[in-house]
Every structure is written in C-alpha cells, then in structure tokens.
Ligand code: PMP
C-alpha cells in the first residue's frame, strides 16, 4: 500500500489513535490533552508514542528513565545537549539578542564560516528560521531571476510547510494540492544509468513546462533524496539533469536541509558529491543543533536584482544567538572530526547492515552516504511499508530509534547524531539482527 492510498497526511511509522486504548493511562491522558490543544494536524511517531524528557550525545531518556539509542534525529547532529553549543547560546543570549538590522560580528562570522565551506561562487547568504522559509525565499528569487514559474521536483519530495513550498512537496499527500506550475519526475533510482534516466525525466518535465507556458524556473532536489527513499549513488548522477535545467534557463536549487553539515561524510554538502555548484543552496535542521536557524546561500549575480527590489528582513532569522549556535556547530564538526566520523562509521553501519541483509528474507538494498543510511524492507521482493513500520516500532520497544521513509514507507531511515561511536552501532546491529533474520 502506498502512503498516498492511506488516510490523508498519513505518515510512515505513525501512531494510530485507534490503538490508544492499549497504552498506559498516563500516556493516554497526555495524548488526549495534546489532541485537545494542538488539534488534528500533528502526528506522533511510533505505535507506542515516546515521552522523552532529556538527551545527551546519542542517547535519549524517557519520563520513566528508560534510555533509547537515537539513530534518527539529525537535528541534534553534533549530539543532544552538546556543551559547546549550549555555552555559545548561553554566552550570546546573556550579552545581546537582536537581529540583522544592527551591525554584529557574530552574524558576519557565521556567514563567512558557512560560505567558507562552499565553492567560491556561492558568496552571499541570507538567514531564516526554518528550512521551509529558506526554500520559500529560494523560489521567490528563482521566479524573479528567471521570469518563469515552473518548478521540477521528485515524486515524493518534501521541501517544507509554507504555502509556496507545500505546493512543491508531493510527499504531503493528495490532501495538499500541488501547484499547476509544478512537475514531478521519478527519483534517481533503479538499475542502469541513474543519471541518464533522471535527466530524461527532467527533460520531459522541461518540455511540458515550456509547452504549458510556465517556463522553467528551477529544479530543486534534496541531494540525498531522503523522502524519496535515500538515493546517493553513483556520485555525479545529478549533473546531466542540472545541465538540462540550466540550458532551459532554470536554476538548480540544492536543498541541503537533510544532507548538509557533514551528514554524507565525504563532504560538508550533499551537492559536492555530485561535483556541482548550485545556483542556490538551502540549509537548516542541523545548522543550530536544535536552535532555530536556517539559511539560503546563493551566487551574488542570481540574487542581485531581487535584493535591490525586494527588501528582506526576518525578525529571528540570523539573530546573534542563532548565529552563535551555528558557529558553534561548525566548530564542533571541525574539532571533533565529525565529517570523518560520518564517513567511517557510516560505512561501518552500512557494511554491518549489508551483512545482516544477506541472511534476512526481509531486508533488501542498503544504501546511503555517510551517516545517512536507507534499507529496503520487502516481502517476496516487493516493498512492504507496514512491515517496515512494525520493525521500526519493534526497535523502539527495544530501545533503538529509527524511522521509515519513501513513497511506500518501506525504507528504514537511519541517521544518528554524527558523534555516534562503534559500540553504539554494534548495539544497534545486535538489536536489529534477530528481528530480521528469524
Ligand atoms: N527540506 C527538506 C529536505 C526537509 O527534510 C525539511 C524538513 N524535514 C525541510 C526542507 C523543511 O525544513 P523545516 O521543517 O525546518 O521548515
């Protein structure tokens, strides 16, 4: 069953209210209270939702004092409650927290530090609070720059929650309308020449957008294709599609909200694995290790006319505290060698899972880059989302947190904080093996 066939807005691995009666009274009360005040649009993870009260490094603790190994949360990317990030936030908050309309070194230090990790052509950066806002701004700039409206995204893409970016996020399901100006293309997957197949899809979308009069403003890709099911290889497969979009006058927007900040191991940014220099790069999630800070990096000539005509101010985006957090995150990635850890331990994790998959009837392909690993869950070689959801919940019951993704909800999504060690990965492998090899 594909997610699109489930209830509107259904989520792989989501809590089902129909089973709430089996839960402890205290939890049922919290769930009911939450539904009363937060309304119906939110979803909870897991068959038995989690009530987490603290975190440290790669471990979380629930209200009963039970510990969980966190192999899911890529926001606290340098580790939950990292002292260097907390100290930086604390120090700056006690001194001053204003906004980008005043001169402030921390904002500029942060801007320079992030741009310093990118190709030289990406020389301007604008701050937002969320990845959605960064993508929203990127689209406004792309529309202004190209004079066209058409946007190309992958089948199960997710780019955020504003009205503009929800229209380019087909993974939100049939209940959230896609814009007329949006074309979807198959995710880069399957046997054969992935790059050529992906480019062929993009070329067909370009032709359709041109025929419809929308023209081509942008191709936007999450460069690890997380919600499509995690597709990283072979490096370079994006190049032909990006060339086709540029030849049609469009821009390439790399959505680095998931793969950015060293997640993929070999590089700071996912687009670097493809040997590309995007016109625009958006980022968020791990940027402040939980402090709301996100951004759009851009080639100055792409931004110039938009910037001259459209005044930009984002009250909290790029505040000194937000920037202090982001600077601290970059410092921790560097000082603790987390990009190297992501590469080494990501390979160790994927190898361990491949070893288990060999003797498992339900685990298929294991893929990813660095500490972002996807594993197909299948029955008789066919995607099995409900089985993946059960596996995710069984792992949660055994104290290990992961999730599931992809259009069929059957791809295990494993992306721990980057500070994870070998012993913790061994623990995960020891817990999952008996669940998938009986
Ligand atoms: N782009 C991608 C690829 C994402 O995964 C997300 C968040 N899951 C967003 C954009 C939106 O980010 P935010 O939730 O910070 O608005």
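By how many nm would the segment from residue 397 to residue 33 grow when fully extended, if each residue of separation counts as 0.36 nm and the alpha-carbon distance is taken off?
Numbers: separation 364, 0.36 × 364 = 131.04 nm, distance 2.35 nm.
128.7 nm is the gain from fully extending residue 397 to residue 33.
Using Cβ contacts closer than 10 Å as the measure, can you line up 59, 269 from fewest to most?
Values: 59 16, 269 25.
Fewest to most other Cβ atoms nearby, the residues stand as 59, 269.
Sorting check: for 284-293, 40-49, which peptide has the highest mean count of neighbouring beta carbons within 10 Å, and how do the rest follow?
Numbers: 284-293: 24.7, 40-49: 14.2.
The peptides rank, most packed first, as 284-293, 40-49.
Region 214-267 to region 381-438: how many Å between their Cα centroids?
Between the Cα centres of region 214-267 and region 381-438 lies a distance of 26 Å.
Report, for region 83-335, the % of DSSP beta bridges that are antiparallel, rounded to 5. Walk me through the intermediate numbers first.
On the way: 9 of 25 bridges.
Close to 35 percent.
Which order do peptides 157-168, 207-218 fall in by mean Cβ count within 10 Å, highest first? Walk me through the numbers on the way to the answer.
Working: 157-168: 21.4, 207-218: 17.8.
Most protected by this proxy first, the peptides run 157-168, 207-218.
What is the projected area of the convex hull of the Cα atoms of region 83-335, averaged over all directions, in nm²?
Working: hull surface 53.3 nm².
It is 13.3 nm².
In a GNM of the chain with a 10 Å cut-off on Cα contacts, which of 14, 317, 229 has the highest mean-square fluctuation?
Between 14, 317, 229, it is 14 that shows the largest mean-square fluctuation.
Mean separation of Cα pairs under 8 Å and 6+ residues apart, divided by the residue count of region 83-335: what relative contact order is that in percent?
Values: 509 pairs, mean separation 76.7, N = 253.
Relative contact order of region 83-335: 30 percent.
Quick one: plug the Kirkwood hydrodynamic radius of the chain (C-alpha pairs) into Stokes-Einstein at 4 °C, 1.567 mPa s, and report D in µm²/s.
Numbers: Rh = 22.3 Å.
D = 58 µm²/s.
Taking the simple approach of a point 7 Å from Cα along Cα-to-Cβ for both residue 86 and residue 351, what is their distance in nm?
Label-label distance for residue 86 and residue 351, simple model: 3.5 nm.
In whole angstrom, how far apart do the alpha carbon centroids of region 275-331 and region 94-146 sit?
So the separation of the two Cα centres works out to 3 Å.
If you take every DSSP beta bridge fully contained in the chain, what fraction is antiparallel? Give it as a percent rounded to 5. Let's see the in-between values first.
Values: 32 of 50 bridges.
Of the beta bridges lying entirely in the chain, close to 65 percent run antiparallel.
Figure the gain on full extension for residue 103 and residue 41 (residue separation times 0.36 nm, minus the Cα-Cα span) and round it to one decimal in nm.
Numbers: separation 62, 0.36 × 62 = 22.32 nm, distance 3.98 nm.
Length difference between fully extended and current span is 18.3 nm.
Please say if region 391-438 is rounded, prolate or oblate, where rounded means a/c under 1.5 for a ≥ b ≥ c the square roots of the C-alpha gyration tensor eigenvalues, and otherwise the choice is prolate for a/b larger than b/c and oblate otherwise? Working shown, then result.
Numbers: a/c = 2.03, a/b = 1.21, b/c = 1.67.
Taking the square roots of the gyration eigenvalues as a ≥ b ≥ c, region 391-438 is oblate.
In nanometres, what is the gap between the two model label sites at residue 430 and residue 163, each 7 Å from Cα along Cα-to-Cβ?
5.4
Rounded to the nearest 500, what is the 222 nm mean residue ellipticity of the chain from helices alone, with -39500 (n - 2.57) per DSSP H run of 4+ residues and division by all residues?
Values: 12 runs with 161 residues, N = 438.
Calculated at 222 nm, the ellipticity per residue is -11500 deg cm²/dmol.
Whole Å is fine, so just give me how far the alpha carbon centre of region 178-211 lies from that of region 54-83.
Using only Cα atoms to place each centre, the spacing works out to 38 Å.
Compute from the Cα atoms of region 30-178 the Rg and the Dmax, the latter being the longest Cα-Cα distance, and quote both in angstrom.
19.8, 56
Taken together, the values in this text are just the output of simple stated rules run on the coordinates, not laboratory data. What you are looking at is a predicted structure, and each value in this text was computed from that prediction instead of being measured. Note that each Cβ is placed from the backbone with ideal geometry, even for glycine, and that neighbours are counted across all protein chains shown.
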